[in-house]
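These notes concern the structure reproduced below.
The values are calculated or read from the model by the stated rules, or taken from the named source; none is laboratory data. Predicted, not measured: the structure shown is a model, and the values here were computed from it. Side chains are part of the model used for accessible areas, which takes the heavy atoms of the whole protein and leaves out ligands, DNA and RNA. Shrake-Rupley method; radii C 1.70, N 1.55, O 1.52, S 1.80 Å.
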Amino acid sequence: SALYHVILFYKYVPVANVPALAESQRAVCERLELTGRLLLGNEGVNGTLGGTSEALREYIQHMETHDPQGRFGGIDWKW
């Protein structure tokens, strides 16, 4: 069986379209089979996610590289 890990993170950053961010986050988390909690608001993102190390690393890469505005670079990910 695969080892599961947990990451914790937050970033205060303006989010203009919270519903669109929520939809994209749900899609990537479902694709990577991540579980946990994401709080999304106009002031930023706060999350606790669990999954395989590989899936979590892919999620981090997605967050750091797939936002057109670069808002989520520089997050201090806690393992």
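In degrees from 0 to 90, rounded to the nearest 10, what is the angle of the helix 53-65 Cα long axis to the longest principal axis of the chain?
Between helix and principal axis, roughly 20 degrees.
Picking from GLN61, GLN25, GLN69, which is most flexible by a Gaussian network model of the chain using Cα springs under 10 Å?
In the Gaussian network model the winner is GLN69.
Hey, what D do you get for the chain in µm²/s if you plug the Kirkwood alpha-carbon radius into Stokes-Einstein at 37 °C and 0.692 mPa s?
The calculation lands on 259 µm²/s.
Would you work out what percent of the accessible area of the chain, with all protein chains in place, is carbon or sulfur (probe 1.4 Å)?
Heavy-atom surface of the chain belonging to carbon and sulfur, 1.4 Å probe: 53 percent.
Give me the accessible area per residue for the chain, probe 1.4 Å, as a whole number in Å². Intermediate values should be presented prior to the final figure.
Values: 5170 Å² over 79 residues.
On a per-residue basis, 65 Å².
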